[in-house]
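**Student:** If you scroll down you'll find the structure; I have some questions about it.
The values are calculated or read from the model by the stated rules, or taken from the named source; none is laboratory data. Since we're looking at a predicted model, the values are computed, not measured. Counting neighbours? That spans all protein chains shown, and the Cβs are built from the backbone with ideal geometry, glycine included.
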Amino acid sequence: MCRMLLSINPEHVVNIFSGEKQYEFRKVHCKKKVEKIVIYSTAPVMQVVGEVDVLDIYEEEPETLWNITAKHSGITKDFFDEYYKGKEKAVAFKLGKVKKYKKPFTLADFGLKFAPQSFVYLQENSIFST
């Protein structure tokens, strides 16, 4: 199973856990077929707080992607437009079942010293049986 760790703003993390945000948007498509996203909640939380299944990955022109994802995007159209300003392609991960960890982890628990700017692929380890 391929997992990647994403740095996500705490506001968006809350919306993912509540089900309001069913898509995670990115500017680049990853090379591997990702089946789970491990969620690193950025400052002020700064912890790995959960994971979510990836049901599908869309790569479209920004306006087309917005039309597909708008209803469950968890973000405003203005935020979306600003994020993809000047971009020809936009990527969205369709999120599925969410698992909030009972006890958050640190980046060091995953062998990381710094939060990724975009994402990092993770190796399987015993943390995932938690």
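**Student:** Please determine whether any residue of segment 96-106 is aliphatic (A, V, I, L, M) and modelled with pLDDT of 95 or more.
**Tutor:** Yes: segment 96-106 contains one or more residues that are aliphatic (A, V, I, L, M) and modelled with pLDDT of 95 or more.
**Student:** Conditions first: (1) of a type in the set (A, V, I, L, M); (2) under 14 Å from Met4 (Cα atoms); (3) assigned to a loop (DSSP other than H, G, I, E, B). Val45 passes all but one, so which condition is the exception?
**Tutor:** Failing condition for Val45: (2).
**Student:** Given Lys77, Lys113, which one is under 23 Å from Glu20 (Cβ atoms) and of a type in the set (D, E, K, R)?
**Tutor:** Lys77
**Student:** Regarding Phe93, is this residue at negative phi, in contact with an Asp or Glu (Cβ under 7 Å, 6 or more places away or on another chain) and not small (Gly, Ala, Ser)?
**Tutor:** Yes; evaluated as a whole, the condition is true for this residue.
**Student:** Another question about this same structure. Name the single residue, out of those in segment 6-49 being of a type in the set (Phe, Trp, Tyr) and within 23 Å of Lys71 (Cβ to Cβ), that is farthest from the chain's Cα centre (by Cα).
**Tutor:** Phe17
**Student:** Within the set of pairs 6+ apart or on separate chains, which have a first residue in segment 25-41 that is without any contact (Cβ under 8 Å) to a residue 60 or more places away in the chain, a second that is surrounded by fewer than 22 Cβ atoms within 10 Å (Cβ to Cβ) and among the small types (Gly, Ala, Ser), and C-beta atoms under 6 Å apart?
**Tutor:** What qualifies is Ile39/Gly50.
**Student:** Then there is this: Residues to consider are Asp109, Asp53; find the one that is assigned to a helix (DSSP H, G or I) and either over 15 Å from Asn15 (Cα atoms) or modelled with pLDDT of 95 or more (or both).
**Tutor:** Answer to the check: Asp109.
**Student:** Could you go through segment 66-74 and let me know if any residue there is in a strand (DSSP E or B) and among the β-branched types (Val, Ile, Thr).
**Tutor:** no
**Student:** Which condition does Gly74 not pass, out of (1) modelled with pLDDT of 95 or more; (2) at negative phi, if it passes all the others?
**Tutor:** Checking Gly74 against (1) modelled with pLDDT of 95 or more; (2) at negative phi, the one that fails is (2).
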